[in-house]
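Everything below concerns the one structure shown next.
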Amino acid sequence: MPAKDIFHNRVKKALETDGWIITADPLHLRLGGVIDMYIDLGAQKVIAAEKDEKKIAVEIKSFVGSSSIYEFHLALGQFVNYRYALERRSSRGAGSREQGAGSREQGAGSREQGAGSNIYDNMSLRALCTDV
């Protein structure tokens with residue numbers, strides 16, 4: 001099982017404060033019976049007005065390495081793998097989750113201003129970026 005990101009507990013607490021119930025920490029996915037993957041958090045929130053459960057999978061990244069673009073590519077690769085595994089899981093009736101990523105960017109400014117924004121948009125990735 002991978003190590004937790006340095007901001008893991010802060011993100012988890014923020015989700016709980018917003019009314020999300022953490023259902024997996026981490027969310028384990030098995031692909032093809034042989035590949036194990038671990039998304040940092042699985043959470044669900046019941047929307048009372050609609051009586052509909054909303055589920056999310058959250059990957060937390062700090063981008064504290066020497067190369068922000070390298071860290072971005074690692075996160076993007078994980079996202080592609082996780083999305084594929086979640087789609088396979090959903091097609092088998094195991095429930096679907098929206099994917100999101102929480103990250104701490106340094107140096108280049110916000111996601112909206114950075115070169116990665118088109119990639120996020122084209123891959124339908126929901127991201128929350130903050131500089132802490």
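Things to note:
- Boolean, Leu15 is within 14 Å of the chain's Cα centre (by Cα) and not in a helix (DSSP H, G or I): no
- Close pairs (9 angstrom Cβ cut-off, 6 or more residues apart or separate chains): more than 27 Å from Ala14 (Cβ to Cβ) in the stretch 31-45, crowded, with 16+ Cβ neighbours inside 10 Å and among the small types (Gly, Ala, Ser) anywhere: Leu31/Ala85; Ile35/Ala85
- Restricting attention to the stretch 63-89, the residues that are of a type in the set (Ser, Thr, Tyr) and closer than 26 Å to Gly32 by Cα total 2.
- Filtered residue count, the stretch 31-67, keeping only those that are of a type in the set (Ser, Thr, Tyr) and at pLDDT below 85: 1
- Residue match in the stretch 11-32 (condition: touching a Pro at 6+ places or on another chain (Cβ under 7 Å), more than 15 Å from Arg126 (Cα to Cα) and among the aromatic types (Phe, Trp, Tyr)): no
The values are calculated or read from the model by the stated rules, or taken from the named source; none is laboratory data. The structure presented is a predicted model; accordingly, all values stated were derived computationally and were not measured. Positions of Cβ are generated from backbone atoms using ideal geometry, with glycine treated the same way; all protein chains shown enter the neighbour counts.
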